[in-house]
1. Over all pairs of distinct alpha carbons, what does the Kirkwood formula give as the hydrodynamic radius of region A:165-372, in Å?
2. Karplus couplings for region A:23-34 from phi (6.51 cos²θ - 1.76 cosθ + 1.60, θ = phi - 60°), rounded to Hz, Gly and Pro as x?
3. If region A:57-155 were replaced by its equivalent ellipsoid, with semi-axes equal to the square roots of 5 times the Cα gyration tensor eigenvalues, what would those be, largest first, whole Å?
4. May I ask for log10 I(q)/I(0) of region A:202-301 at q = 0.11, 0.13, 0.20 Å⁻¹, from a Debye sum over the Cα atoms as equal point scatterers with solvent left out?
5. How large is log10 I(q)/I(0) at q = 0.15 Å⁻¹ when the Debye formula is applied to the Cα atoms of chain B, each weighted equally and without solvent?
6. What is the Rg over Rh value, at two decimals, for chain A, using alpha-carbon atoms and the Kirkwood definition of Rh?
7. Let me check the size of region B:134-194 from its C-alpha atoms; what are the radius of gyration and Dmax in Å?
8. If you wrap region B:199-238's Cα atoms in a convex hull and average its projection over all directions, what's the area in nm²?
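Taken together, the values in this text are just the output of simple stated rules run on the coordinates, not laboratory data. Every value quoted in this text rests on a predicted model; they were computed, and no experiment measured them. Virtual Cβ from ideal backbone geometry, glycine too; neighbours counted across all protein chains shown.
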Amino acid sequence: MADNMVPEENGVISAAEEKIAVATQWQLIWWRFRKHRLAMAGTAVLALLYLVSLGADFLSYVDPDESEAQRSLMAPQPIHWFDGGKLRPYVHPVKGMRDPVSFKRVYAPDTSVKVRVRLFGRGYPYRLFGVIRCSRHLLAVEDARPEESLFILGTDVQGRDLWSRLMSGTRTSMTIGLVSVTLSLFLGVFLGGISGYFGGLPDTIIQRIIEILRSIPTIPLWMGLAAALPAHWDIVQVYFAITIIISLIGWTELARVVRGRFISLRQEDFVMAAELLGCSKVRIIFRHMVPSFVSHIIAATTLAIPAMIISETSLSFLGLGLRPPAISWGVLLQDAQNIQALVISPWLLIPALPVIVAVLAFNFMGDGIRDAADPYG
Amino acid sequence: MPQAAGAPEGGCPPPAASPARSGRERDQKGMASYIARRFLLAILTVLAISILSFTIIHLPPGDYVTSFIAQMSASGSSVSEAEAQAMRTQLGLDRPIYIQYLKWMGLILQGNFGMAMEWGRPVLDVIGDRLTLTIVISLAAIVFTWALALPIGIYSAVRRYSFLDYAFTFIGFIGLAIPGFMLALIIMYVGFAYFGANVGGLFSPDFAEAPWTWARFWDLVKHLPIPAVVLGISGTAQMIRIMRSNLLDELRKPYVITARARGLDETRVILKYPVRVALNPFVSTIGYLLPYVVSGSIIVSLVLSLPTVGPLLLKALIAQDMFLAGTIVLMLGVMTVIGTFISDLLLMWVDPRIRLGRR
C-alpha cells in the first residue's frame, strides 16, 4: 500500500492516511485492483460477455436453429451505413445461384433493392431472460424477413446465421465455465480445507490423490468419460454431465490454494488468540480464518475458469462434448475442422475469437485479483 | 496451471543426520529414500490410471458381447441367447467387476491387450508406431518449451520492465489464451490459404508407409517443428512466467548482493548462483508439463493429421471400441508416469537439497 500513502508529517495523520487506516479489507482490495489496468480491462470485457449471455436472444436477429440449404455458406455481408448522405443503414438482399462453370453456389447482392436495417425492431418471438415474452431485437430489417436479408457474419453449411449462433454459443460457453467452477470450488474448498486444517493422515491422502490426478493426461481421460454419455440424453443432461467432467480438472489447484492458506493462517497470532479464548473450531474457521483468504480463493477461482472454457471447447470441437442442437463455441468450431472448407469460407473460424478474448480476460482479471488479494502484504 | 510453489514437496524425507556417519553415506540414504518414495507414488499412479482406464472400458451400456452381437446382426448372421451366454462365461463377463479387472490386468501383464473390434486385429498391432510417434512429438514440444523458456525467463527477470520483458509477457499471455488445437487450425489455414502448402502430417507422402530408414527419420525431423511449436507454446508461456518469478525472488536475496560486492562479473553472479536455485521449481514442473503436452497432442494431432494415438483414440471412442480406447488411455498414462519419474530423478540431480535429504 506504500504508493497509496502520504508521508506522515510530525506525527499528524493526514486525511488520506486515515481513510486507508479505517478502510475495510474489501475496500483496500478494490483500491489496489483498480490500479491494475489490464485487470480492469479484462473485467470490463467479461462484464460485456456476460451481458451478451443474458441478452443472447435480444442480440441475435434470427432463430439460431433456423436452417435453409439455399443460404448455405454465405460470406459475411457488409452493411451500408449511409444512404444519400444520411446515416440510414441498409443492406442489399443476396441472391444465390449456381456457377455455370464450377457448379458451386455463388451469391451476389441485388443492388436494385435496399433493405433498411433498424435498431430495436421486431423479429422472431422469444422470452427475455427466459421469462418475459418479447419480439424486439437489437437489429431488425424493415419490410423483409431478416433470415433472408441479414448476414452480418455469414452462414454455416446448413445456412444458419453465424452471428445469431455465436450469441447463443456465448451464453452456453460462458455459463458452462461458471457452473463447472462452482462445482470445483465446492470440491476444492472442502478437500483443501480438510487437508490444511487437520493435517496428518487426511492431508497425506488428499495430497497423494491430487498428485496422482495431476500426473494423468486429462484430455484422453475426459474424452473417454464424455464418449460414454448415453446418446439419447438431451441437451440439459449432457450440459450438466460435461460440467461435472470438466470440474474434475479444476478442483486440485483450488484445493492446493485453500490448503496453503489454512496452513499459513494456522500459525498466525490471531488464530492462536481465538483458540486460547476458547472459540469453537467452527467459529475459528468461519469467523476468523475464512474471511482472510476469501480473496485468494476468488483469485484462484477466476484463474480456473479459462481452463474450463478451453476444456469444453476442445471436447465439443472433437464431437465428444456438447452435441448439436446445443450451441457452444466448441460446437461452432466443429465446422472449421475441415481445412478445405475453411479455406473457402474462412468466416467459420470467427468463433475462435471470443474463446481467445474470454480466456485472456479471465487471466487478466484473475491476475489482478491475485495481486490485490492480500492488501496488508 | 502448474505453480512453482509446493511442487517439489512430499519428496523430502526427514533429515537423517547423524554425526557418526560420513556425508557420502548420508547422501546415499537420502537418495535411496527419495527414489523409493517417488517410485511408490509412480506405482500408485499407474494403478489409479489402470482403474480409470478400466472404468472407461466398462462405462458404455452393454459389453463386448452386445457389441459383438450388433456387429454380427449387421453382417447378416444372428447369435442365439445361449451362444451369447456361453460367450460371456468364456470371456468372464458374468464374473464380478473386480475379478474382470484383475483378469484384464493379468492379461496385460502377459502383453495381451485384447482385440480392437473395429479392426479385427490385436490392439498392439493397431497402435503400432503411433505410440512412439506420440512420445517423439511430446518430447520435441518439451525441448522446444525449455529451449525457449529458459533464456527468455532469465532475460525477463534480469531486465525486468524492459521493452522486451513486456513484449514477452504479452506474447506469453496470447500463447496461454490460444488452445493448441486452435493455433493448429490457424497455422493450417494460413499455410493452405497463403502458401498453398499442407503443413500437417509428420511424413511426406513418399515416406508415410515406408519402413524406418535414415531418410524417413530425417523426413520426420523436418516435419517436427510445427507440431512442437503448436504443442509447446502455451507451456512455454507458463514456464517463462515461473522462471521469471522464481529468479526475481532469488535476485532479491542478500547472497546476490554479496556476490556483486565481491566484484564477480554480472554473468557469473546471475548464472552461477540464482539461476541454479531458480531452476529447481522449474525442473519440477516438468512433471506437470508432460501430462499437459500429452493431453494437448491428442487434439492437435487430429487437426494437423499427425499419425499419433490421438486420432485412433477418437475413432475408437466414437465406435465404442473400448478395449482399444482403454489401452490407449492406459498407455498414455503410464508413459506420462515414467516421464514424471525421470523428471523427479532429474530434479534430484539438479537440487542437492533433495539429494541430501534436507529441506
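1. 18.7
2. For region A:23-34, the Karplus-derived couplings read 5, 6, 4, 5, 5, 4, 4, 5, 4, 6, 4, 4 Hz, x marking Gly and Pro.
3. Equivalent ellipsoid of region A:57-155: 26, 19, 9 Å, largest first.
4. For region A:202-301 at q = 0.11, 0.13, 0.20 Å⁻¹, log10 I(q)/I(0) is -0.52, -0.66, -1.03.
5. The Cα Debye sum returns log10 ratios of -1.31.
6. Values: Rg = 26.4 Å, Rh = 24.3 Å.
Reported Rg/Rh (Cα atoms, Kirkwood Rh): 1.09.
7. Calculated on Cα positions, Rg and Dmax stand at 14.4, 41 Å.
8. Seen from a random direction, the Cα hull of region B:199-238 projects 3.1 nm² on average.
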